[in-house]
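The values are calculated or read from the model by the stated rules, or taken from the named source; none is laboratory data. Everything numeric in this text was worked out from a predicted model, so none of it was measured. Note: ideal-geometry Cβ built from the backbone for every residue, glycine included; neighbour counts use all protein chains shown.
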Amino acid sequence: MAARFVVEADGGSRGNPGPAGYGAVVRDGDTGQIIAEAAEFIGHATNNVAEYKGLIAGLKAARELDPDASVDVRMDSKLVVEQMSGRWKIKHPDMQPLAAEARTILPRSRVTYTWIPRERNKDADRLANEAMDAGKAGRQWEPKQPSKPAVTPVQVAEPPLETAAPKAGWAGEADLGTPTTFVLLRHGETALTPEKRFSGSGGSDPELSEKGRWQAERAAEALAARGSIQAIVASPMRRTRETAETVAARLGLEVRYEDGLREVDFGAWEGLTFAEVQERYPDDLAAWLGSAKAKPTGSTESFTTLTHRAGVARDKILARNPGRTVLVVSHVSPIKTLVRLALGAPPDSLYRMELSAASLCAVQYYADGNASVRLLNDTSHLR
């Protein structure tokens, strides 16, 4: 299932026209949690131009998180809301190209516009003012949290478990109730797996191989013996669907699909080995290995982007399954990311984890926001 986001955007100009800036936030449509922020000082402009630029930045941030998402835009600018809804004509030449750009970011059928009073748009307004303050000081806006990676002009907020410190309940001072347990199952092998070829969400979407189907059956046997799985959530890609459905048939459960669990889009690297990528795209590969914000050649997605959509998917599953044990069937990168977030480990720790085909990991999430990794890369059921 594609994500549902709320984008709140605003812009301001001190003098109208005058020094101007915009701000935008992206919220998870189910929880209301802010998952991305954008702000920028844009120089000399009008209020309306700044508001449109805030809208564009918010829509782009939502698209980066999930290009298939539906978005509810909420702004306190009656002008922008009515014009983008098609009820008012856009006559001003400065706004016509901005409105046209906004319409190209996501399909019109997946974007709605709602007017809200200014007091309900405080976060976007705050960011716009921060951007203008930064411009007045001769610099660009930067996030206030230094631990969060800077992205210009969009700053994506890390999921809450990224930097959370252990709380009092962790020491047993409070009854935290039954934790929610994720049993993380990587899909079985495809034809590309033993050759160690990049296989993400932008490639051929391969099916399980004969060995991969055997691995899925062994995982189903092991999970049936475990006897605690109460729900199954999976990436919608073919190899994860086939793996999840094999287990679901054995356990008598239905599979719920979550798009945030899909693998990273590896762009031009899809289907290539690491050596082939190193030979053809050495600079891009070096950048990708050196920074979570770098993207594979031709891809629109980095590990930073993956972190946020995987965090949103995690929070959705937790909200729907408090105190339950959920089988999460996914891919190498999303599973490693969930483990990394649970550990509070840095992004480059992804390169220090082994995750075999059809392997099992387990993470428990507690009511105080803490998490505990209970199992990593278990393949005993395959021996």
> Limited to the range 250-290, what total is found for residues that are without any contact (Cβ under 8 Å) to a residue 40 or more places away in the chain, out of contact with any helix residue (DSSP H, G or I) (no Cβ under 6 Å at 6 or more places or on another chain) and either over 30 Å from ALA222 (Cα atoms) or assigned by TED's automatic domain parsing to the domain that holds GLU64 (or both)?
Replying inline: 13
>> Condition (residue is more than 27 Å from PHE5 (Cβ to Cβ) and surrounded by fewer than 21 Cβ atoms within 10 Å (Cβ to Cβ)) applied to the range 301-311: is it met by at least one residue?
In response: no
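Return yes or no: is ALA134 assigned to a helix (DSSP H, G or I), assigned by TED's automatic domain parsing to the domain that holds ALA38, over 18 Å from ASN47 (Cα atoms) and not aromatic (Phe, Trp, Tyr)? I'd like the intermediate steps shown before the answer.
Details: assigned to a helix (DSSP H, G or I): yes; assigned by TED's automatic domain parsing to the domain that holds ALA38: yes; over 18 Å from ASN47 (Cα atoms): no; not aromatic (Phe, Trp, Tyr): yes.
Judged against the criteria, ALA134 is not a match.
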> How many of the residues making up the range 343-359 are out of contact with any Gly (no Cβ under 8 Å at 6 or more places or on another chain), part of a loop (DSSP other than H, G, I, E, B) and under 28 Å from LEU382 (Cα atoms)?
Replying inline: 5
>> Testing GLY15 on (1) more than 27 Å from LEU318 (Cβ to Cβ); (2) assigned to a strand (DSSP E or B), one condition comes back false. Which one is that?
In response: (2)
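Hey, among ALA286, ALA294, which residue is outside any loop (DSSP other than H, G, I, E, B) and surrounded by fewer than 19 Cβ atoms within 10 Å (Cβ to Cβ)?
ALA286
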> ALA216: out of contact with any helix residue (DSSP H, G or I) (no Cβ under 7 Å at 6 or more places or on another chain), among the aliphatic types (A, V, I, L, M) and modelled with pLDDT of 95 or more, yes or no?
Replying inline: no
> within 20 Å of THR337 (Cα to Cα) and either assigned by TED's automatic domain parsing to the domain that holds GLY203 or free of Cβ contacts under 8 Å to residues at least 60 places away in the same chain (or both): does that describe LEU223?
Replying inline: no
>> Can you pull out every residue in the range 203-220 that is surrounded by 21 or more Cβ atoms within 10 Å (Cβ to Cβ) and either in contact (Cβ under 8 Å) with a residue 40 or more places away in the chain or part of a helix (DSSP H, G or I) (or both)?
In response: GLY212, GLN215, ALA216, ALA219, ALA220
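I'd like to know if the range 302-311 contains one or more residues that are touching a Pro at 6+ places or on another chain (Cβ under 9 Å) and more than 19 Å from LYS60 (Cα to Cα).
Step one: filter the range 302-311 for residues touching a Pro at 6+ places or on another chain (Cβ under 9 Å), giving 302-304, 306-311.
If we keep only those that are more than 19 Å from LYS60 (Cα to Cα) too, we end up with none.
Taking every residue of the range 302-311 in turn, none turns out to be touching a Pro at 6+ places or on another chain (Cβ under 9 Å) and more than 19 Å from LYS60 (Cα to Cα).
This table checks each residue for (1) of a type in the set (Asp, Glu); (2) surrounded by fewer than 24 Cβ atoms within 10 Å (Cβ to Cβ); (3) modelled with pLDDT under 95.
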residue: MET1; (1), (2), (3): no, yes, yes
residue: ASP10; (1), (2), (3): yes, no, no
residue: SER13; (1), (2), (3): no, yes, yes
residue: GLN33; (1), (2), (3): no, yes, yes
residue: GLU40; (1), (2), (3): yes, no, yes
> For the range 352-377, how many residues meet the condition of being under 16 Å from ALA216 (Cβ atoms) and surrounded by fewer than 17 Cβ atoms within 10 Å (Cβ to Cβ)?
Replying inline: 1
> Across the range 202-245, what is the number of residues that are charged (D, E, K, R) and within 15 Å of CYS361 (Cβ to Cβ)?
Replying inline: 1
> Looking at GLU242, is it over 21 Å from SER359 (Cα atoms), charged (D, E, K, R) and more than 17 Å from the chain's Cα centre (by Cα)?
Replying inline: no
>> If GLN364 satisfies all but one of (1) more than 25 Å from SER199 (Cβ to Cβ); (2) modelled with pLDDT under 90, what's the number of the condition it fails?
In response: (2)
> Given the conditions (1) at pLDDT 95 or above; (2) surrounded by fewer than 21 Cβ atoms within 10 Å (Cβ to Cβ); (3) β-branched (Val, Ile, Thr), which single one is not true for ILE335?
Replying inline: (2)
>> All but one of (1) surrounded by 17 or more Cβ atoms within 10 Å (Cβ to Cβ); (2) within 30 Å of GLY138 (Cβ to Cβ) hold for VAL73; state the number of the condition that does not hold.
In response: (2)
>> I'd like to check something: does the range 258-278 contain any residue that is modelled with pLDDT of 90 or more, touching a strand residue (DSSP E or B) at 6+ places or on another chain (Cβ under 6 Å) and part of a helix (DSSP H, G or I)?
In response: yes
>> Is it the case, given these coordinates, that ALA319 is modelled with pLDDT under 90, in the same structural domain as GLY344 (by TED's automatic domain parsing), surrounded by fewer than 22 Cβ atoms within 10 Å (Cβ to Cβ) and hydrophobic (A, V, I, L, M, F, W, C)?
In response: yes
> Considering the range 1-38 alone, what residues qualify as being of a type in the set (Lys, Arg), touching a strand residue (DSSP E or B) at 6+ places or on another chain (Cβ under 7 Å) and in contact (Cβ under 8 Å) with a residue 40 or more places away in the chain?
Replying inline: ARG4
